[in-house]
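Q: Dropping a structure here in structure tokens format, bear with me for questions.
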Amino acid sequence: MVPGLAYFLVFHYGAFIANAVAFKEYVPFDGLWASPWVGTANFERMFGDPDFWHAMWNTLFIAVLQLVFFFPAPLALALLLHSLTSDLLRRLTQSVIYLPHFLSWVVVVALFQQVLGDTGLLNTTLSDAGLHTVDIIGNPDAYKPLVVIEVIWKDAGWGTIIFLAALMQVDEQLYEASAIDGAGPWRRFWHVTLPSIRPIIILLLIMRLGDILSVGFEQMLLQRQSVGPEVGEVLDTFVFWQGIVGGDTGYAAAAGLFKGVVGAALVFTANRVAHRLGEQGVYK
């Protein structure tokens, strides 16, 4: 456990002290403590910055799309895998759908560009057939659904691991008893499968809510220029451009701290709601 504990102590708990940068006019040559305090000036500037609200709106929009379409995808895929009667076919399918998770976002984005870009495979095929071409990658209206599709393609298979483990713990006698009582596949799913794995679903949902404002830094950074910052800017890339590229560390730290506080509030709220609904949640 020591390596794991050391990681969290150094890079998570130990990094808490750096949140003080959000309340300073940080000067790297002066260091953290010698830089002058500015109180809440960075937050006041942030809340009055239209670029920040553009990034916030884009982040929330993509986060809601991911929550609605990506979060159920591993569950649906796990249910399909669990229904397979051939162990060989199940293992082969699992191996195939796990592979995209190990590809970097550089490779995934390049792959989608080669297929859906202005000169990609789709447009080449349409052009050869004498049909009208469409640049999906560079279309601002298609950008947000596209990034969700990319996440589903890359990580839905990997996300089935926990759901499959939960499905394996469901008592087969419950399925047999419900089938004898005349329950069809949908009834067995609704009254046996879903209640059995509901604690896992609630747990993963709460954890996802805590990370809801993190919609994928590398993925967004790689595609931001194709649609422009008004459509492609999210909080993570906003912090990067303001802090790393622009050198405005205090302002970027304020945006990052705001994102963390919102995530923590969502976790506490969702966990309390889960307790009121009779679920265990993340913690008691």
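The values are calculated or read from the model by the stated rules, or taken from the named source; none is laboratory data. Quick caveat: nothing in here was measured; it's all calculated off a predicted structure. All Cβ positions, glycine included, derive from the backbone under ideal geometry; neighbour counts span all protein chains shown. Only protein heavy atoms, including side chains, enter the accessible area calculation; ligands, DNA and RNA are left aside. Shrake-Rupley method; radii C 1.70, N 1.55, O 1.52, S 1.80 Å.
Q: What value does the stretch 176-284 have for Rg/Rh, both radii from Cα atoms and Rh as Kirkwood defines it?
A: Expressed as Rg/Rh, it is 1.22.
Q: Would you mind calculating the gained length between ALA20 and ILE244 on full extension (0.36 nm times residue separation, minus the Cα-Cα distance), in nm to one decimal?
A: Between ALA20 and ILE244, full extension yields 78.9 nm more.
Q: About the Cα centre of the chain, how large is the charge dipole given +1 on each Lys and Arg Cβ and -1 on each Asp and Glu Cβ? Please answer in debye to the nearest 20.
A: 840 debye
Q: GNM, the chain, Cα, under 10 Å: largest mean-square fluctuation among GLY159, GLY39, GLY260?
A: Residue with maximal mean-square fluctuation among GLY159, GLY39, GLY260: GLY39.
Q: For the stretch 105-179, calculate the relative contact order in percent as a whole number, restricting contacts to Cα pairs under 8 Å that are 6 or more residues apart.
A: In percent, rounded to a whole number, it is 21.
Q: Here's a follow-up. Can you list the lysines whose alpha carbon sits under 29 Å from that of LYS144, skipping same-chain ones fewer than 8 residues off?
A: Those lysines meeting the cut-off are LYS154, LYS259.
Q: To the nearest 10 square angstrom, how much accessible area does LEU111 have with a 1.4 angstrom probe?
A: For LEU111, solvent-accessible area is about 80 Å².
Q: How much mean residue ellipticity at 222 nm does the chain get from its helices, if each DSSP H run of length 4 or more adds -39500 (n - 2.57) and you divide by all residues, to the nearest 500 deg cm²/dmol?
A: My calculation for the chain gives -20000 deg cm²/dmol from helical runs alone.
Q: Taking all pairs of distinct Cα atoms, average 1/r, flip it, and tell me the Kirkwood hydrodynamic radius of the stretch 58-138 in Å to one decimal place.
A: 15.7 Å
Q: Still on this model: Share of the chain's accessible area from carbon and sulfur, percent, 1.4 Å?
A: Result for the chain: 68 percent of the exposed heavy-atom area is carbon or sulfur.
Q: If you don't mind, another one. Can you tell which of LEU60, LEU103, LEU88 shows the greatest fluctuation in a Gaussian network model of the chain with Cα springs below 10 Å?
A: Of the options given, LEU88 has the highest mean-square fluctuation.
Q: Quick one: compute the contact order of the chain, relative version, from alpha carbon pairs under 8 angstrom and 6+ residues apart, as a percent.
A: Result for the chain is 27 percent.
Q: How would LEU81, LEU131 rank on accessible area, largest to smallest, probe 1.4 Å?
A: The ranking, largest first, comes out as LEU131, LEU81.
Q: Within the chain, which whole H helices from DSSP have a Cα span along their axis of at least 18 Å and a mean Kyte-Doolittle hydropathy of 0.0 or more, if any?
A: Once both thresholds are applied, what remains is 50-65, 140-168, 194-210, 249-276.
Q: Post the alpha-carbon centroid distance, the stretch 66-112 to the stretch 115-171, in whole angstrom.
A: 12 Å
Q: Ranked by accessible surface with a 1.4 Å probe, highest first, in what order do SER127, SER214 come?
A: SER127, SER214
Q: Accessible area per residue for the chain in Å², computed with a 1.4 Å probe and the full protein assembly in place, what is it?
A: Accessible surface, normalised per residue, equals 58 Å².
Q: Also, I was wondering about something else. With loop defined by DSSP as not H, G, I, E or B, and exposure as at most 10 other Cβ atoms within 10 Å, which is the longest segment of the chain clear of exposed chymotrypsin sites (Phe, Trp or Tyr not before Pro)?
A: 30-282
Q: Right, here's the next one. Report the percentage of all Cα-Cα pairs in the stretch 50-277 whose separation exceeds 29 Å, rounded to a whole percent.
A: Pairs farther apart than 29 Å: 42 percent.
Q: Return the loop-located GluC sites (Glu not before Pro) in the stretch 188-237 (DSSP other than H, G, I, E, B) with at most 15 other Cβ atoms within 10 Å of their own Cβ; answer none if there are none.
A: none
Q: In the Gaussian network model of the chain, springs joining C-alpha atoms below 10 Å, which of MET56, MET168, MET220 carries the largest mean-square fluctuation?
A: Greatest mean-square fluctuation among the candidates belongs to MET168.
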